[in-house]
Each structure stands twice: as structure tokens, then as C-alpha cells.
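The values are calculated or read from the model by the stated rules, or taken from the named source; none is laboratory data. Small disclaimer: the values here were computed from a predicted structure and weren't measured. Cβ placement follows ideal geometry from the backbone for every residue including glycine, while neighbour counts extend to all protein chains displayed. These accessible areas exclude ligands, DNA and RNA; they are computed on the full protein's heavy atoms, side chains included. Shrake-Rupley method; radii C 1.70, N 1.55, O 1.52, S 1.80 Å.
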Amino acid sequence: MDAARDPYDLVVVGAGIVGTLVALLAKRHHPGWRIALVDRSLMGHGATLYSAYLDVPLGSTPVRRMLTERSRGLYQQLRAELPDLPLRDLPAVFLTAAAREQERLDGLVRDAASAPRRVDAARALELAPPGFRAPEGAVVLGGVQAARCTAPTLVTTLARAFLSQPGSVCLEGVEIIRVTPEGDGSQRLTAHDGRELKARRTALCLGPWLGSTRTALAGVSQHWRVKKITALHVPIAPHPDAPVIYLLDDEAFLLPQPEHGRFLFSFRSEHWDCEPEVSTLRIDPPDWTRARGILERYLDVSGLELGGRVFCDAYSADTNPSVEPLAAVPGAFAVGGGAGSGFRLAPALAERAVHALEAGTGG
């Protein structure tokens, strides 16, 4: 391809959940666009690979609640259009101190599937892991429907839908190392192997690499910070209908994964400013101490061999994801800042990115 003569209408850099949805939604909005989805590795093999793939109507800020509500509607549309999308519903329950009940209810999204309210603790937790115990004085909020991915093929299923349409290309194993402006308002993207692509619009959906000190693409703003995302694998077989249990006051949750015969215990790590390089990341002793300190208040895990997973994500100061135009490269945008909730927020964030790419403005 002669890049100077035949530009793509859109190049999306990063084929995780956000980038793939940007490509898919842009193609649906503009069937005539030529769109390239480019990734330095394989589709869905960055931060998305380590995701809990959990969509729950919870938002810690007004922006995140708005994005959560819109994403849930978009996921329902995608499920209707793509019957093989590997999503299934499950109930969600939330534990919190009674004094914080109203605050927690205000943080939950009310929609057609969920009407959060206080529920009977014994009934709500009857399918919790054996021996699970709620702290004294805690209340349980329920009436909430969540959804989770049950297979590692979510991104490839979305990518197939994108690639089934004419003018759609996916380039795996191609790392974009530089994005520069062209005089006609387009962008030139240079890959690690020297090839060049020209685009009328560019979306950088880099996940945690948005905050990496190694990312120097087109002057991406360095206001994002990278924080480690850590979870343990608890080898207790869940009931097929077990709920996801949010321990709100501990910023943690127990997600049933019956297909793996375990619960995933996600908790907050305080390891900031790490690099998103999986070969250097570990669940370190402070993580283990914090995780066990929380988990053992609810569940006896003595005698269990615990494993886990670790990666990271980009966070803004207010934890809100954004679509930001790059001042140095007109027509190029940085999209992300999922703050550990990329799967939950991805459809609405991708939709916002498509609108920005159309209009040339961010938000």
C-alpha cells in the first residue's frame, strides 16, 4: 500500500477490549471507512487478558456511573447481535457497614436489570463460598444483575464481527512506535519494522501503556499513572448460580468462576508507577499480606494453595477514563484510563471515542 496516496479513514492502535470496540463501533457508524486495528502482540493479549471480565452496575464517580449505565445498554445490544458473545448473567451482592448504606446505594446504577436495595443477608449469601461470614453490623445490598465473560474469546468474537465487514484489517505483531502529523491534517504511523501507515484519524487505545514512561507516541499526556491490578485464585468450587460478592468497605470482590473451579478474589494493590511488563510483575509479599488480611475476615482459607494473577492499568487523578486529543497531532486521540474497570466501561468509552473521532474533539 502506498501510504501517502491511500490513507486509512481510521487506525486504532491497541486491540484490547477498548480498541476492538472502537474499531467495531466506528465501522458500524461508518461502513464505508477503511479501518485498521493494530496491536504489538495478539488481540486481547494485553491488560485485557488479565481482566476479571466483570460488568456490574457500580460507579465511584458520576462520570463512571454514566459510562457504566451506557455500557450496560451497549452490551445488551451486542449480545442480541452476536449470539456467540461469551457473556452470562449472574447476581451481585454488596456488603457494607450500615452507616454507609445510603452512600453505597447512591453509587449503584439503577436500570432495567437492577434495582439496588437492602436484602436479607442469609438468603443473599446462601450460595456464597462455604464458611463465608459477613462482619458484624454489615448490611447486604442486592437486587442487582451483573454479567461476566465465561471464555477468553470475547475480544476475538468482537474482532470477527469487525473483520467480517469490507474495508476492515487487523495487524497483529506490529508495534507502532511513532505517530506524526502530516500537513494535510492526517497522521503517519511508523511501525517497529519500518513500515508506515497513513490515517485520517488515529485512536491510541493503549491500556496501561498510556501511563508508561516507555510510551512516547505523539506526545501522549503523562497525567495517567500506572497501578498494579492484583487478584488471587481461591480454589473453592462455586455453585453454578453463585453471586459475585463485593466487599465495598475493603475495595475487594469475590467472583465465582465455576468453569475453573475457583473464586477470583480481587483486591486493591497500592503499587503505583510500575511498568506494564508482565515478565517483571509479581504478587509480592505486601500484596499477599493485604489480600490475606481482607480475605480471612470473611473466609477461612487456611490449608488452601492460593495462586493468582497480576497486571496493571492506567489511572487518572479522578479515576475517570477519557478521550483526549493530542495537541501535537491533530486528528489523533488517546483513549483510556479504565482504572481497573476497562471491561465494564469499554463500550461507552469506545462510543465516546468514535464521536470524538468524527467531530475532531475529545471529552
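Looking at (1) open to solvent by less than 70 Å² (accessible area, probe 1.4 Å); (2) hydrophobic (A, V, I, L, M, F, W, C); (3) assigned to a helix (DSSP H, G or I), can you tell me which one TRP288 breaks?
(1)
What strands (runs of 3 or more DSSP E), lying completely within the range 193-264, carry at least 3 residues that are under 19 Å from the mean Cα position of the chain (by Cα) and at pLDDT below 95?
Values: elements: 196-199, 202-204, 225-234, 244-247, 252-257.
Once the strands (runs of 3 or more DSSP E) in the range 193-264 are filtered for at least 3 residues that are under 19 Å from the mean Cα position of the chain (by Cα) and at pLDDT below 95, what remains is 225-234.
Within the range 87-109, restricting attention to residues that are under 23 Å from the mean Cα position of the chain (by Cα) and exposed (fewer than 15 other Cβ atoms within 10 Å of the Cβ), which residue is farthest from VAL139 (Cα to Cα)?
This residue is ARG88.
So which residues in the range 311-350 are touching a Lys or Arg at 6+ places or on another chain (Cβ under 6 Å), open to solvent by less than 10 Å² (accessible area, probe 1.4 Å) and either over 22 Å from LEU25 (Cβ atoms) or not in a helix (DSSP H, G or I) (or both), if there are any at all?
Residues satisfying the conditions are CYS312, VAL323.
When you scan the range 183-200, how many residues do you find that are open to solvent by 50 Å² or more (accessible area, probe 1.4 Å) and touching a residue at least 12 places away in the same chain (Cβ under 8 Å)?
Of the residues in the range 183-200, 5 are open to solvent by 50 Å² or more (accessible area, probe 1.4 Å) and touching a residue at least 12 places away in the same chain (Cβ under 8 Å).
Since GLN165 meets every condition but one in (1) part of a loop (DSSP other than H, G, I, E, B); (2) at pLDDT below 95; (3) in contact with a helix residue (DSSP H, G or I) (Cβ under 9 Å, 6 or more places away or on another chain), which condition does it not meet?
If we test GLN165 against (1) part of a loop (DSSP other than H, G, I, E, B); (2) at pLDDT below 95; (3) in contact with a helix residue (DSSP H, G or I) (Cβ under 9 Å, 6 or more places away or on another chain), just (2) comes out false.
Sort out which residues of the range 22-57 are within 30 Å of LEU105 (Cα to Cα) and either acidic (Asp, Glu) or buried (at least 24 other Cβ atoms within 10 Å of the Cβ) (or both), and write them in order of number.
Narrowing the range 22-57 to residues within 30 Å of LEU105 (Cα to Cα): 47-48, 50-57.
The answer is ALA47, THR48, SER51, ASP55, VAL56.
Among ALA151, ALA122, ALA80, ALA159, which is the only one that is without any contact (Cβ under 8 Å) to a residue 60 or more places away in the chain, within 24 Å of MET43 (Cα to Cα) and either hydrophobic (A, V, I, L, M, F, W, C) or outside any loop (DSSP other than H, G, I, E, B) (or both)? Talk me through it step by step, then tell me what you get.
Working: ALA151 fails: without any contact (Cβ under 8 Å) to a residue 60 or more places away in the chain; ALA122 fails: within 24 Å of MET43 (Cα to Cα); ALA159 fails: without any contact (Cβ under 8 Å) to a residue 60 or more places away in the chain.
None of the other options fit; the residue is ALA80.
Taking GLU358, is it part of a helix (DSSP H, G or I), closer than 26 Å to LEU87 by Cα and not β-branched (Val, Ile, Thr)? Steps first, answer last, please.
Values: part of a helix (DSSP H, G or I): yes; closer than 26 Å to LEU87 by Cα: no; not β-branched (Val, Ile, Thr): yes.
The answer is no for GLU358.
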